[in-house]
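Okay, structure first, notes after.
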């Protein structure tokens with residue numbers, strides 16, 4: 001029993017270190033490199049944050065005349081593209097520039113799902129749900145390519161031309177897009193102003209009327225359908241956890257948990273623990289959304305390093321992990337919940353003995369906070 005609790009405490013410490021005011025090891029490696037311009041790296045990070053969250057209307061803050069800004073897709077295409085883009089990973093391998101000249105470059109290695117392999121693996125390439133499921137599969141094949149981005153400086157660094165990113169990702173997406181349109185069928189997204197009166201034009205107009213999503217013209221403000229397979233964009237899905245003051249009041253005054261507070265570098269964090277340390281929460285708010293995203297990614301990476309059997313899914317803005325038979329923690333199970341929006345994180349962790357279920361009273365706390373709706377079995 002003691003060994004299990006010590007393991008939980010050690011894991012919580014690794015999570016708490018995210019809020020120590022220090023950057024990630026990867027970011028520190030970048031900052032220490034002699035050929036790495038930190039401000040350019042931050043600009044590229046901001047650009048890819050907006051891209052992978054599919055916040056296309058905001059991407060112009062980080063890229064001049066972004067090729068993605070005016071992307072107009074049918075609803076089915078957008079659903080698949082959202083799943084595809086959100087799995088994009090990147091690493092800035094070089095960044096240099098001169099502010100006086102106002103120019104610079106960033107070399108970025110981009111890793112993305114191999115869509116050709118996806119199309120080969122599904123039975124019906126026009127089935128949106130099947131495509132999304134295949135893209136989100138942990139075993140989905142990926143490939144990596146290195147590109148160079150031109151940067152420009154005018155009070156701050158921004159991406160001068162993101163065409164290399166667009167061409168790399170969207171060229172790969174073309175086959176999926178064609179499959180969703182039915183192969184050789186006319187593109188239903190073309191303008192219907194060309195009313196030639198032919199039977200072909202009439203057929204195209206009918207299909208557009210029956211398949212077009214009326215909300216797709218403004219995808220950034222559209223609330224997506226919440227599924228356990230699709231990670232939501234934090235700027236889109238509504239916040240559903242309790243406000244910070246209610247979280248603190250509930251966990252301390254009603255549940256009786258101890259709390260420690262820390263503030264540094266534009267972040268305020270609270271860690272809540274109970275006496276045996278088998279239930280823990282961390283709540284943090286950030287001034288900079290990019291730091292919120294960074295710490296979220298670090299936490300997820302910590303989880304994937306656990307030596308156990310892991311399951312994970314999404315519900316709204318909460319990523320839920322269950323890691324069973326963790327060898328380094330006496331074979332116990334961790335039930336982990338991580339809520340993320342643009343400026344806040346709420347982590348919840350429950351430790352259970354090997355073969356035991358999480359206590360129902362703990363799950364009720366998770367539900368009360370708005371972290372997760374526990375399914376009724």
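Side notes on the structure shown:
Residues checked against (1) modelled with pLDDT under 85; (2) crowded, with 17+ Cβ neighbours inside 10 Å:
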site: 276; (1), (2): yes, no
site: 279; (1), (2): no, yes
site: 282; (1), (2): no, yes
site: 288; (1), (2): no, no
site: 292; (1), (2): no, yes
site: 303; (1), (2): yes, yes
site: 307; (1), (2): yes, no
site: 319; (1), (2): no, yes
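- Residue, surrounded by the most Cβ atoms within 10 Å (Cβ to Cβ), within the range 345-375, restricted to residues that are part of a loop (DSSP other than H, G, I, E, B) and within 27 Å of the chain's Cα centre (by Cα): 371
- Some residue of the range 113-127 being in a helix (DSSP H, G or I), in contact with a helix residue (DSSP H, G or I) (Cβ under 8 Å, 6 or more places away or on another chain) and without any contact (Cβ under 8 Å) to a residue 24 or more places away in the chain: yes
- Selection of the range 289-334 for residues being touching a residue at least 24 places away in the same chain (Cβ under 8 Å), closer than 29 Å to residue 266 by Cα and outside any helix (DSSP H, G or I) yields 314, 315, 316, 317, 318, 319, 320.
- Screening the range 245-274 for residues that are modelled with pLDDT under 90 and in a loop (DSSP other than H, G, I, E, B) and picking the one that is farthest from residue 46 (Cα to Cα) gives 274.
- Selection within the range 85-100: residues that are outside any strand (DSSP E or B) and touching a residue at least 12 places away in the same chain (Cβ under 8 Å). The member of this set that is nearest to residue 176 (Cα to Cα) is 85.
The values are calculated or read from the model by the stated rules, or taken from the named source; none is laboratory data. Keep in mind that what you see is a predicted model, and the values were worked out from it rather than measured. Reconstructed Cβ throughout: ideal geometry from the backbone, glycine too, with neighbour counts over all protein chains shown.
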